[in-house]
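In what follows, a structure is listed as structure tokens, so that the remarks can point back to it.
The values are calculated or read from the model by the stated rules, or taken from the named source; none is laboratory data. As the structure is a prediction and not an experimental result, all values here were calculated from the model. Cβ placement follows ideal geometry from the backbone for every residue including glycine, while neighbour counts extend to all protein chains displayed. Just so you know, the surface numbers come from the protein's heavy atoms only, side chains and all, with ligands and any DNA or RNA stripped out. Shrake-Rupley method; radii C 1.70, N 1.55, O 1.52, S 1.80 Å.
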Amino acid sequence: MKTLTLTKNKNRFFQGVDFLSYGLEIFGFIGWELLLTYVIEFNIYNCSDFTNYTALQTIIHWTLTCAVWIFGIWYVVREAAAKSDVDLYKNFKENSLLKGAKEMSVLQWVLLITGTVLCLISTWIDWNGSKVLAEIKSNGFLFPAQYFYYFVEVAMVLLIIVFGQYAFEKWFKNDKIPYGGILVALTWGLGHWLTKGSLGVGIYTAVGGFVFGGAYLLTNRNIKLSYLFLCIMFIL
């Protein structure tokens with residue numbers, strides 16, 4: 001299912017630039033959390049280590065982060081719909097989960113499930129067991145708030161993938177390469193490297209982002225189905 005659509009009144013190069021800018025805008029909204037943590041909250045709480053926040057401070061942090069992220073999703077998707085032929089809200093409404101699953105070939109399912117299983121195994125090894133159970137144990141009653149944060153984060157990552165895919169397809173006329181995953185690897189991976197202070201974490205995140213981009217293509221770019229599998233890969 002190709003996505004090489006024509007946008008309004010621009011040549012292919014500038015159409016690609018527009019789509020790339022939407023993906024980078026989403027990444028910029030993700031970066032809001034850094035400003036919140038290391039500038040605003042640091043000056044209020046005099047604490048730069050998120051793990052030392054009180055329960056109330058943690059909930060406020062996640063709430064403010066998710067509020068800005070959700071606004072970013074609304075703003076950028078709305079901007080893209082107004083300036084191009086890509087309306088992701090419409091795509092989300094019109095393409096059902098079940099229909100998307102039926103349209104996938106056996107090979108697509110095999111590759112998607114294989115990638116998902118590998119992600120889950122990697123997470124299990126990284127967390128020395130179930131990530132979900134570990135999060136419940138460590139966060140207690142904060143667990144639902146944290147996982148809502150994860151759900152919004154996955155949506156942001158998916159949008160970077162989608163817009164990155166559109167951008168590079170405009171430039172290279174190839175819809176088989178997971179360009180969106182490459183963009184996530186470079187942005188999201190770099191972000192984790194800087195915030196976690198670990199190159200290993202950055203590489204691990206970058207590889208995960210590339211796999212996510214592949215999942216988007218394997219689901220025939222069905223937003224609902226892609227989101228479901230990205231949540232499974234990232235959250236579980």
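Yes/no matrix, rows are residues, columns are (1) of a type outside the set (Val, Ile, Thr); (2) within 19 Å of the chain's Cα centre (by Cα); (3) at pLDDT 95 or above; (4) on the phi < 0 side of the Ramachandran plot:
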site	(1), (2), (3), (4)
Ile30	no, yes, no, yes
Thr37	no, no, no, yes
Cys47	yes, no, no, yes
Thr58	no, no, no, yes
Phe71	yes, yes, yes, yes
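Can you tell me which of (1) of a type in the set (Ser, Thr, Tyr); (2) farther than 17 Å from Leu35 by Cβ; (3) modelled with pLDDT of 85 or more is the one Thr63 doesn't meet?
The single condition Thr63 does not satisfy is (2).
Of Leu98, Leu4, Leu107, which residue is aliphatic (A, V, I, L, M) and either modelled with pLDDT of 85 or more or under 20 Å from the mean Cα position of the chain (by Cα) (or both)?
From the options Leu98, Leu4, Leu107, the qualifying one is Leu107.
When you go through (1) assigned to a helix (DSSP H, G or I); (2) open to solvent by less than 70 Å² (accessible area, probe 1.4 Å); (3) more than 24 Å from Ile30 (Cα to Cα) one by one for Lys93, which number turns out not to apply?
Lys93 satisfies all of (1) assigned to a helix (DSSP H, G or I); (2) open to solvent by less than 70 Å² (accessible area, probe 1.4 Å); (3) more than 24 Å from Ile30 (Cα to Cα) except (2).
So which residues in region 216-229 are assigned to a helix (DSSP H, G or I) and either open to solvent by 20 Å² or more (accessible area, probe 1.4 Å) or more than 13 Å from Val184 (Cα to Cα) (or both), if there are any at all?
Those that are assigned to a helix (DSSP H, G or I) and either open to solvent by 20 Å² or more (accessible area, probe 1.4 Å) or more than 13 Å from Val184 (Cα to Cα) (or both): Leu217, Leu218, Ile223, Lys224, Leu225, Ser226, Tyr227, Leu228, Phe229.
Identify, by number, the condition in (1) without any contact (Cβ under 8 Å) to a residue 24 or more places away in the chain; (2) loosely packed, with under 14 Cβ neighbours inside 10 Å; (3) more than 30 Å from Thr219 (Cβ to Cβ) that Val110 doesn't meet.
That leaves (3) as the condition not met.
What are the residues in region 79-102 that are among the basic types (Lys, Arg) and within 18 Å of Ile161 (Cα to Cα), if any?
The one that is among the basic types (Lys, Arg) and within 18 Å of Ile161 (Cα to Cα): Lys90.
Which condition does Leu98 not pass, out of (1) under 23 Å from Phe210 (Cβ atoms); (2) open to solvent by 90 Å² or more (accessible area, probe 1.4 Å), if it passes all the others?
(1)
Looking only at region 123-168, count every residue that is out of contact with any helix residue (DSSP H, G or I) (no Cβ under 7 Å at 6 or more places or on another chain), assigned to a helix (DSSP H, G or I) and among the polar types (S, T, N, Q) and tell me the total.
1
Determine, yes or no, whether Gly209 is at pLDDT 90 or above, within 23 Å of Asn91 (Cα to Cα) and in a helix (DSSP H, G or I).
Criteria not met by Gly209.
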